[in-house]
1. Could you list which residues have their amide H under 5 Å from that of ILE57, counting only those 5 or more apart in sequence or on another chain, with H placed in the peptide plane?
2. 7 Å from Cα along Cα→Cβ at both CYS27 and LEU73: what's the point-to-point distance in nm?
3. Give the calculated FRET efficiency between HIS140 and ASP97 to the nearest 0.05, with a Förster radius of 25 Å applied to their Cβ-Cβ distance.
4. Label-point separation (nm) for GLU18 and SER41, each offset 7 Å from Cα along Cα-to-Cβ?
5. Give me the extension gain from ARG149 to CYS62: residue separation times 0.36 nm, minus the current Cα-Cα distance, reported in nm with one decimal.
6. Once phi is turned into ³J(HN,Hα) by the Karplus curve 6.51 cos²θ - 1.76 cosθ + 1.60 with θ = phi - 60°, what whole-Hz value does each residue of the range 74-90 show in order, with x for glycine and proline?
7. Taking the Cβ of each residue in HIS115, HIS140, HIS55, HIS92 as the centre, tally the other Cβ atoms inside 10 Å and list the residues starting with the fewest.
Amino acid sequence: MLNSLLRPKPRPNPEDTEFKRILVPVCGDRVDAGAIDLACSLAGYKGKKTIIAVHVIPVERCLPLDAEIEDALGAAENIMSDVEKQVEKQGHHALTDILQAREVGPALVQASRDHSADLILISLNCKTAFGEFCLGNVVHHILKNAPCRVILNYEADSEMD
């Protein structure tokens, strides 16, 4: 019994890994399309997989959590419409979710649990704090608390070249 506790768990072979439900946070940024394309590629071509696009609308603390923020909701619906078209075009099933939350990171982690995601795929571009590269609070929270695998896809800012 003790030997089985001390023995390291074998790592899964990446070639045998199949992602059936991939959660992709989207925000209307230029990296969204690349994230969706990558998610569809990771899902593979054996059968229809589910790409779960989640957009979180941050709600200020001075407002009720269920406040109707019409501008943000309209923008989110447009983003989700584009995502659905992109995913369906690549032969997979799109599931979209628009959430309102005080904090984006915890909302995305909970969404990954609610949707039983196999993978969270986060695309990011150059973000700096005080001149240094920074992942930010959302990515930090997801990496620390995610119930599944997480892949970060860094897209270099073409203006920096």
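Bear in mind these aren't lab numbers, they're just calculated from the coordinates by the rules spelled out. Just so it is clear, the model here is predicted, and its values are computed rather than measured. Every residue, glycine as well, gets a Cβ built from its backbone with ideal geometry; the counts of neighbours run over all protein chains shown.
1. Close amide H contacts, sequence-distant or interchain: LEU99, GLN100, ALA101.
2. Inter-label distance under the simple model: 2.2 nm.
3. Values: r = 22 Å, r/R0 = 0.87.
Using R0 = 25 Å, I get an efficiency of 0.70.
4. With each label placed 7 Å out from Cα toward Cβ, I get 2.1 nm.
5. Working: separation 87, 0.36 × 87 = 31.32 nm, distance 3.44 nm.
Extra length available between ARG149 and CYS62 comes to 27.9 nm.
6. Running phi through 6.51 cos²θ - 1.76 cosθ + 1.60 with θ = phi - 60° gives x, 5, 5, 5, 5, 4, 5, 4, 5, 5, 4, 4, 5, 5, 4, 4, 8 Hz.
7. Values: HIS115 16, HIS140 12, HIS55 25, HIS92 21.
If I rank by nearby Cβ atoms, fewest first, I get HIS140, HIS115, HIS92, HIS55.
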